[in-house]
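Handing you this structure, nothing more for now.
The values are calculated or read from the model by the stated rules, or taken from the named source; none is laboratory data. Not measured: the values here are computed from a predicted model. Every residue, glycine among them, receives a Cβ derived from its backbone with ideal geometry; neighbour counts consider all protein chains shown. Ligands, DNA and RNA are excluded from the accessible area calculation, which covers all protein heavy atoms including side chains. Shrake-Rupley method; radii C 1.70, N 1.55, O 1.52, S 1.80 Å.
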Amino acid sequence: MNDKIQVISKFALEGLNAQALESTALAAKQTLESGSGAGNDFLGWLHLPSSIDEQQLQDIEKSAAQLRSECEYVISIGIGGSYLGAKAVIDALSDHFAAYKSGGPKVLFAGSNIGEDYLYDMMDLVRGHKFGIIVISKSGTTTEPGIAFRIFKDMLEKQEGKAFAQRNIVAVTDARRGALRNLATQEGYATFVIPDDVGGRFSVLTPVGLLPIAVAGFDIRALVAGAVEMEKDGDEQVLNALYQDGKKIEILANFTPRLHFIAEWWKQLYGESEGKQHKGIFPASVDFTTDLHSMGQWIQDGERTIFETVLSVGDQQHEVIIPSDEADLDGLNYIAGKNVDYVNKMAELGTRLAHVDGGVPNLLITIPTVNERYLGQLIYFFEKACGVSGYMLGVNPFDQPGVEAYKKNMFALLEKPGHEEATAAIREKLKN
Ligand code: PA5
């Protein structure tokens, strides 16, 4: 078995000026590594894995052990980069039906939407059970997690008392600034710092991701070690990943249900990093073979604006053999005795060949198996490829000015103090 994730661009290169592309990619990589590009005050993630020390890991593990010892549920509250990394890794590593099985604590996620019924149902679930909260916000002022935290903090204090709440609420936020920092200081919560120079979507290897992942019972040391491997020795893979053939949409496809949220994390990483100045490849994702029965038609035959990257997993963790059946009424005896993943692999290869034939260039990323180490490699690999790709495109990959537009309107409509002028303007607009 290979001991690293690999990028295979066999079906991606046709018709491309690979040499020109490589020199642009190398120049962008140099800009990133020398810290001479736009947004260079947000490059803390670049050497983050190798800078994580024993003390930091121990502090996170200790805090996780506290939450695990007293809580049946731990609610991780956050949105965007303060949510997706932890959710992606925990989902990738968990038993698919962990929610219905014993063993815990269960990590729940809130604050990534403003769904009233979602919050109600979660409150209903944790009512009468011991629960803890990890509240994560770099700015400390984001509305969605702010609302969720206010609700669950209030509930926890009423249900278990102030002392329990104080012991089992952990805040992950900026070292100095923001409402959450002030509140945590005031209430005496344990806190972890999100470094100034690491942006939200690049923060999964900080306590933002590591604490919830440790609470879920996974090995954060192996995750970090995998990322260190890629930090030290992943350049070729990063460059291989940048063959995009001038397409407008990149679809990240997986054939393994546990990778669904890895794709959600990846979409945020690329969408928020590259979608600027009316530029940027639109990142989309599909879960195969499920989506071959929905989006498969479009990918095979629709407008030829897409490029596909397949996340291919070498070994599953368990084996299930397809049984033989004497009557063979379903006609499946031809695959009897094979394991399910063998069939899945044939579906994967068949799909890639069909899509290439249909005019969709294809890049393959192979992951030996889904474990902490290879996820660490994958995370760092995508982060670095994203930084390089953003610079190739000529944008600042580390800001997200467009995210403010909806907030401005929402605050105006909610009549948030300080937004009076915008409220008046939006009312006028809605009249017409
Ligand atoms: O990548 C980003 O910077 C964003 O997606 C943020 O993570 C997201 O907006 C949440 O911000 P905060 O952690 O300040 O609440």
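May I ask you to say which residue of K153, K130, K158, K138 is on the phi < 0 side of the Ramachandran plot, basic (K, R) and under 20 Å from the mean Cα position of the chain (by Cα)?
Answer to the selection: K138.
Let me ask another. If I ask for residues that are of a type outside the set (G, A, S) and out of contact with any strand residue (DSSP E or B) (no Cβ under 8 Å at 6 or more places or on another chain), which ones from region 168-184 would you list?
Across region 168-184, the qualifying residues are R176, R177, N182.
If you don't mind, there's one more thing I want to ask. Output the residues belonging to region 151-180 that are open to solvent by 70 Å² or more (accessible area, probe 1.4 Å) and within 19 Å of G199 (Cβ to Cβ).
R176, R177
Out of all the residues in region 69-81, is one or more assigned to a loop (DSSP other than H, G, I, E, B) and small (G, A, S)?
yes
Is it true that S23 is under 30 Å from V395 (Cα atoms), part of a helix (DSSP H, G or I), of a type outside the set (K, R) and open to solvent by 10 Å² or more (accessible area, probe 1.4 Å)?
Answer is yes for this residue.
In addition: If you go through region 38-57, how many residues are among the polar types (S, T, N, Q) and closer than 19 Å to S389 by Cβ?
Number satisfying all stated conditions: 1.
Here's another thing I want to ask about it. Being surrounded by 23 or more Cβ atoms within 10 Å (Cβ to Cβ) and either of a type outside the set (F, W, Y) or within 16 Å of the ligand (Cβ to nearest atom) (or both): is that true of A18 here?
no
Quick one: count up the residues across region 175-194 that are in contact (Cβ under 8 Å) with a residue 24 or more places away in the chain and of a type in the set (K, R).
2
Can you tell me how many residues within region 135-150 are open to solvent by 50 Å² or more (accessible area, probe 1.4 Å) and among the β-branched types (V, I, T)?
Summing the residues that are open to solvent by 50 Å² or more (accessible area, probe 1.4 Å) and among the β-branched types (V, I, T) in region 135-150 gives 2.
Do we find a residue being more than 16 Å from the ligand (Cβ to nearest atom), within 18 Å of the chain's Cα centre (by Cα), closer than 20 Å to I52 by Cα and charged (D, E, K, R) anywhere in region 215-229?
Checked region 215-229: at least one residue is more than 16 Å from the ligand (Cβ to nearest atom), within 18 Å of the chain's Cα centre (by Cα), closer than 20 Å to I52 by Cα and charged (D, E, K, R).
While we're on this one: Residues to consider are E319, E372, E383; find the one that is open to solvent by less than 20 Å² (accessible area, probe 1.4 Å), among the acidic types (D, E) and closer than 30 Å to R221 by Cβ.
E383
In region 411-432, what residues are in contact with a helix residue (DSSP H, G or I) (Cβ under 7 Å, 6 or more places away or on another chain) and either aliphatic (A, V, I, L, M) or not in a helix (DSSP H, G or I) (or both)?
A412, L413, E415, H419, A422, I426
Suppose we filter L183, L211 for residues that are open to solvent by less than 20 Å² (accessible area, probe 1.4 Å) and not assigned by TED's automatic domain parsing to the domain that holds I379; which single one remains?
Within the list L183, L211, the selection yields L211.
Select from region 386-406 the residues that are more than 11 Å from the ligand (Cβ to nearest atom) and of a type in the set (S, T, N, Q) and write down the one among them that is nearest to A263 (Cα to Cα).
The residue in question is S389.
Further, regarding this structure: Within region 55-72, does at least one residue satisfy the condition of being within 16 Å of the ligand (Cβ to nearest atom), touching a Gly at 6+ places or on another chain (Cβ under 7 Å) and not assigned by TED's automatic domain parsing to the domain that holds K267?
No, every residue in region 55-72 fails to be within 16 Å of the ligand (Cβ to nearest atom), touching a Gly at 6+ places or on another chain (Cβ under 7 Å) and not assigned by TED's automatic domain parsing to the domain that holds K267.
A further question on this structure: Got a sec? Which strands (runs of 3 or more DSSP E) wholly within region 82-200 have at least 1 residues that are away from the ligand (no atom under 16 Å from the Cβ) and not aliphatic (A, V, I, L, M)?
Per the criteria, 106-110, 131-137.
Does region 244-264 include one or more residues that are open to solvent by less than 20 Å² (accessible area, probe 1.4 Å), among the aromatic types (F, W, Y) and touching a strand residue (DSSP E or B) at 6+ places or on another chain (Cβ under 6 Å)?
No: region 244-264 contains no residue that is open to solvent by less than 20 Å² (accessible area, probe 1.4 Å), among the aromatic types (F, W, Y) and touching a strand residue (DSSP E or B) at 6+ places or on another chain (Cβ under 6 Å).
A follow-up question, please. Considering only residues that are farther than 15 Å from L364 by Cβ, of a type in the set (G, A, S) and outside any helix (DSSP H, G or I), look in region 251-280 and name the one that is nearest to the ligand (Cβ to nearest atom).
The qualifying residue nearest to the ligand (Cβ to nearest atom) is G275.
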